[in-house]
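See below for the structure under consideration.
Derivation of every value follows stated rules applied to the coordinates shown; laboratory data play no part. Keep in mind that this is a model prediction, so the values were computed, not measured. Cβ coordinates were reconstructed from backbone atoms using ideal geometry, including for glycine residues, and neighbour counts include every protein chain displayed.
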Amino acid sequence: MSDKVSISYGEITSEMAIVPATEGPSGIDISKLIATTGLSSFDQGFVNTSSTKSAITFIDGEKGILRHRGYPIEQLAEGKSYLEVSYLLVYGELPSAAEAEIFHGKLREASPISKQLLSLIGSFDPTAHPMTVLSSAVSALAASETGLLDPKNPEQVEAATISLLGKMPVITAAIHRTLMGKDPLAPNLELSLIDDFLRMTFGEEGQSWKSNDVVTGALDTLLLLHADHEQNCSTSTVRLVGSSGANLFASIASGINALSGPLHGGANEAVLDMLNLISSSGDSVEQYVARVKNKEDGIRLMGFGHRVYKSFDPRAKIVKAHADKVLTELGVKDPLLDIAKELEAAALRDEYFSERKLYPNVDFYTGVIYKAMEFPPRMFTPLFALGRLPGWIAHWREQNLDTSTRIGRPQQVYVGPNQRSI
Ligand code: ACO
């Protein structure tokens, strides 16, 4: 196979090198395309465009493969914790038991947040979406962590990483409590990161906390399953913002905003809205599917479809298995889970969905589990953000270490008026 691609346009032929991949599609280096042909590449939604080389996550959407640093997601979900996977994504290798303990200790030490940040979180209108408050709070960290803002200083990058990973669960729990009209709880550094997150979310001031292994374990797995997904919309946003030299907190705050949309992280909340709508409308699942197929009011089957996965989302399989387990062990009987299963079955036997290769994605069942854990729907997407944080950080750090990184600045095909006079 040739290691070059030729593009001919009129009299001009331009030779372009191949950028080899270890797995998956290699790239065509089009960096001289405009200079040699006068043409730009046009790829709406970046469906065919590799914006970077990356060694963090590999996805084969046709085969339903997801691997972090080479490890299959099924093995990681079965045998490792969210903390260990966070370490793997950020540092490139799984930690030993001793390394994991040190890492956990550092995160816990960095967990407490300032009074100013708490009062910022409390200053928002109760109707504000928690994703708005979350991105604002993460953005505001740059105002207090002023010694950790230099992306080119390895010590500062490391300290900012630990600070953010340690504080994010505390910030998220404080947002939840404020939303519920309760005072935030300070972290208890004796507890594990996830268990303490649940205590700060659901516990009561002055009362001892009784952890539930099923809930803690399920939340750990859900966060782990969301930990990275290569160049998705929010991760690409983190990279784009970071490419300008913006600090880690500013870059991650931008990623949180990108994640908030219903076509991305906001889908987990939208799935529950959809299931509630079907339940309250009295419509059958078939009637709802018919409305989706007719594209009535542009409605979509939320939690279905994925830009990359075209056979199945391997995370969705794991989440579905957990949904049954968690609801059974918590003794929750939720008719919405039955509707979700019916909806999935109806869509999977329908040509509309099979022709377009639309399958349940990771968010199809997560909302039902979060609901069983008693999280309000508005907190579902912040939970996604909490899970995705190590992936965003890993990509931001990888980009900063890459000496070939240039500021992200796409071209456009201008279709406006030619020059005219007033
Ligand atoms: N329900 C119904 N039809 C759909 C759905 C859906 N969920 N998703 C795609 N389609 C249809 C489109 O209408 C289009 O049909 P057409 O060819 O007749 O015009 C075709 O499938 C292709 O759709 P696109 O929008 O071009 O696919 P794209 O790759 O751009 O979008 C996306 C992917 C955004 C995930 C889409 O499938 C979607 O909107 N899904 C629902 C929202 C969702 O669950 N998002 C979470 C994604 S996963 C994540 O972020 C963790």
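Here are some notes:
- Loop-located GluC sites (Glu not before Pro) in the stretch 1-38 whose Cβ has at most 13 other Cβ within 10 Å (DSSP): 11, 23
- Taken along the Cα-to-beta-carbon direction at a fixed 7 Å, the label points for residue 300 and residue 286 span 2.7 nm.
- Only Lys, Arg (+1) and Asp, Glu (-1) charged, at Cβ; the stretch 3-80 dipole about Cα centre in debye: 260
- Likely footprinting exposure, 4, 317, 210, fewest C-beta neighbours within 10 Å first: 210, 4, 317
- Computed about the Cα centre, the dipole magnitude for the chain is approximately 840 debye when only Lys and Arg (+1) and Asp and Glu (-1) carry charge, each at its Cβ.
- Exposure proxy ranking, count of Cβ atoms within 10 Å, fewest first, for 161, 366, 127: 127, 161, 366
- Counting charges near residue 121 (Lys, Arg +1; Asp, Glu -1) among other residues having Cβ under 15 Å from its Cβ returns a value of +3.
- Anisotropy class of the stretch 278-422 from Cα gyration tensor, a/c 1.5 cut: oblate
- Dipole of the chain, positive end: most advanced residue of 418, 322, 70 [Cβ charges, Cα centre]: 418
- Radius of gyration, Dmax [the stretch 201-344; alpha carbons; angstrom]: 18.3, 54
- Annotation: the residues 37, 22, sorted from fewest to most other C-beta atoms within 10 Å of their own C-beta, follow the order 22, 37.
- Rg ratio for the chain: its Cα radius of gyration over 2.2 N^0.38 Å, N being its residue count, equals 1.04.
- Protection-proxy order for peptides 338-346, 48-56, each taking the mean of Cβ atoms within 10 Å per residue, highest first: 338-346, 48-56
- Using the rule -39500 (n - 2.57) for each DSSP H run of four or more residues, divided by the residues of the chain, the 222 nm mean residue ellipticity is -16500 deg cm²/dmol.
- Total charge dipole magnitude, the stretch 318-418, about the Cα centre, Cβ charges on Lys, Arg, Asp, Glu only, Debye to nearest 20: 420
- The H on the amide N of residue 304, modeled in the peptide plane, is under 5 Å from the matching H of 361, each at least 5 residues off or on a different chain.
- Taking 26 Å as the limit for the C-alpha separation, the pairs 4/357; 295/341; 310/371; 80/357 exceed it in the case of 4/357; 310/371; 80/357.
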